[in-house]
Amino acid sequence: MKARLYLETTIISYLVHKPGRNAKARYHHEMAKRWWERRLAKYSVVTSESLLDELEADGIALPRTVQSELERLPRLSLTPKASALAKAILSQNALPAVAERAARHIAMAAVHRIRFLVSLDYCHIANANNWRNLEAGCRSLGHKCPAIGTPPQFMGADAEDDPIVDEVRKARAEIAARFNYDVRAMLSYYSDRDAQLRQSGKVKFYEPATAN
């Protein structure tokens, strides 16, 4: 029997978002995409009306394939118990007052006894600093907080191919080929490039600590 998993809004948001040149957004998009393609079928996935409402409120248009997949998933509702738990999470400062959306998602998953919750909301949901307080908030009303994780945490070996690392390795291989794998030539190139970046002021360098 597949474990039940609650799909939170940020997964879909990053999945359909065009990240452009922002490295952080590209990484989140790639992780959401890989999880969606490789792990969606591994769980008994549920979502909620809140997810669809939030996507609409944020003006996020869904591709037909994603829309179709979401429509077939069971949707949890914000029951009176879930609403009360969301308010308790906020009133007990398990999450800040601005995190109403996050509180609702956690509350619905907890009240409906969903085992896992996947999210890319690092500020509130997928933030280990909040988990102890979230667990206490759920227990205060007799519920168990779901186990919260990000796509890489739910993907296991499938997450080992990091898209950012892949991009760095590709650039490194291209530079090596450009200089015919001549170590002296590559070292000269990297030294010149380092000096250019330092002079430009566009990149912040952290110097290694020196021993006392």
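The values are calculated or read from the model by the stated rules, or taken from the named source; none is laboratory data. Small disclaimer: the values here were computed from a predicted structure and weren't measured. When we count neighbours, we look across all protein chains shown, and the Cβ atoms used for this are built from the backbone with ideal geometry, even at glycine.
Some notes on this structure:
- Residue within the stretch 49-56 that is in contact with a Lys or Arg (Cβ under 8 Å, 6 or more places away or on another chain) and under 19 Å from Lys2 (Cβ atoms) present: no
- The residue that is surrounded by the most Cβ atoms within 10 Å (Cβ to Cβ), counting only those in the stretch 45-81 that are more than 19 Å from the chain's Cα centre (by Cα) and either of a type in the set (Val, Ile, Thr) or part of a strand (DSSP E or B) (or both), is Leu76.
- Qualifying positions in the stretch 109-150 - of a type in the set (Gly, Ala, Ser) and not in a loop (DSSP other than H, G, I, E, B): Ala109, Ala110, Ala128, Ala136, Gly137, Ser140, Ala147, Gly149
Okay, residues lined up against (1) in contact (Cβ under 8 Å) with a residue 24 or more places away in the chain; (2) within 25 Å of Val16 (Cβ to Cβ):
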position: Glu56; (1), (2): no, yes
position: Ala61; (1), (2): yes, yes
position: Lys81; (1), (2): yes, no
position: Leu90; (1), (2): no, no
position: Ala97; (1), (2): no, no
position: Arg101; (1), (2): yes, yes
position: His105; (1), (2): yes, yes
position: Val111; (1), (2): yes, no
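- Note on the stretch 29-44: among residues that are at pLDDT 85 or above and under 17 Å from Leu62 (Cβ atoms), the one that is surrounded by the most Cβ atoms within 10 Å (Cβ to Cβ) is Trp35.
- Filtered by the rule that a residue be under 19 Å from Leu78 (Cα atoms) and out of contact with any Phe, Trp or Tyr (no Cβ under 7 Å at 6 or more places or on another chain), the stretch 23-46 gives a lone residue, Val45.
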